[in-house]
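Worksheet: one structure, shown below.
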Amino acid sequence: MRVRPSLIPAAVAGLIALGGCGDAVTEPAALVPAGEVEAALAIAARLPTFTSLASEALARGRATPGRGENGASDAAVRLSAALALAARADSLEDAAEARRLRAEAYASGLVPLATLLEPAAVEEARAALTFWLEVAEALVGEAELPPVRDALLDARTLLGRSRAASALGDDVAAVSALVGAADRLSATTPRAVLRRLLPELEARLAAGRSTDTARVADLRRADRLLRGAREAEAAGLYVLGLRRAYYARQILGEAPAAAP
């Protein structure tokens, strides 16, 4: 995944506007970002994770017969087994079991991944994650969810560790920190943030309906926005859903969101 650094200022500027921090509340029909901002947001759907990096490393190994030495072959076998575990974890709804399988995959797969992954691929993945981190800090920082803020801080630290390890020639530490950063950043994508934010806003709306009879029109509008956000989520339009959720939160008030 190649990242154009020139995209970052335009993307971040567009995403600050996306947060809707002004006093006016814009109608949902006008809330779809375009152009370079959409290109930046698309990266969130394909962040380089252990699963994607392992798949890439195995595919490149198969396409490069000259690397078929005993050590590389053994690493490929071990990485294939770890990839199967990680793929199972990615498909699970049970978060605890997914974490367990993912930890097992990393314990057995990070060393062979570091053996097989080309340095250029590590750098490319690190650049993509750094790019998304810059974009995410502008986009999902508006959500004011402590788990999201913590994930952004952790990812920045881990990416720094990965760069430092690469500079020292410690490939395993570099890849391990890289994968850790990818895992943390997966909690900052529009889809992940929307899944955390909507239940909190829906609970706030329900509370407002029972206690704030003077704001019937506002609460109806917030309800319409949140229903639209749910529809966008179901359609896979996570950015649109997130914008509608942000505007619903504006109407409901800026009380800090509770941690899930």
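State the number of residues belonging to region 81-125 that are hydroxyl-bearing (S, T, Y), farther than 18 Å from A181 by Cα and modelled with pLDDT of 95 or more. Of the residues in that region, 1 qualify.
Listed here are the residues, each with its yes/no results for (1) at pLDDT below 90; (2) in contact with a strand residue (DSSP E or B) (Cβ under 6 Å, 6 or more places away or on another chain); (3) surrounded by fewer than 17 Cβ atoms within 10 Å (Cβ to Cβ).
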{"position": "L225", "(1), (2), (3)": "no, no, no"}
{"position": "A229", "(1), (2), (3)": "no, no, no"}
{"position": "A232", "(1), (2), (3)": "no, no, no"}
{"position": "L240", "(1), (2), (3)": "yes, no, no"}
{"position": "E254", "(1), (2), (3)": "yes, no, yes"}
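Is it fair to say E69 is more than 30 Å from R220 (Cα to Cα) and at pLDDT below 80? Yes; evaluated as a whole, the condition is true for this residue.
Within the option set E118, E124, E134, being among the acidic types (D, E), in contact (Cβ under 8 Å) with a residue 40 or more places away in the chain and over 30 Å from S73 (Cβ atoms) holds for one residue only, E134.
Every residue, every condition in (1) more than 23 Å from Y106 (Cβ to Cβ); (2) surrounded by fewer than 16 Cβ atoms within 10 Å (Cβ to Cβ); (3) in contact with an Asp or Glu (Cβ under 6 Å, 6 or more places away or on another chain); (4) at pLDDT 90 or above, yes or no:
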{"residue": "L168", "(1), (2), (3), (4)": "no, yes, no, yes"}
{"residue": "D171", "(1), (2), (3), (4)": "no, no, no, yes"}
{"residue": "V179", "(1), (2), (3), (4)": "no, no, no, yes"}
{"residue": "A187", "(1), (2), (3), (4)": "no, no, no, no"}
{"residue": "R196", "(1), (2), (3), (4)": "yes, no, no, no"}
{"residue": "T211", "(1), (2), (3), (4)": "yes, yes, no, no"}
{"residue": "A214", "(1), (2), (3), (4)": "yes, yes, no, no"}
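The values are calculated or read from the model by the stated rules, or taken from the named source; none is laboratory data. Worth saying up front: this structure is predicted, and the values here are computed from it rather than measured. Positions of Cβ are generated from backbone atoms using ideal geometry, with glycine treated the same way; all protein chains shown enter the neighbour counts.
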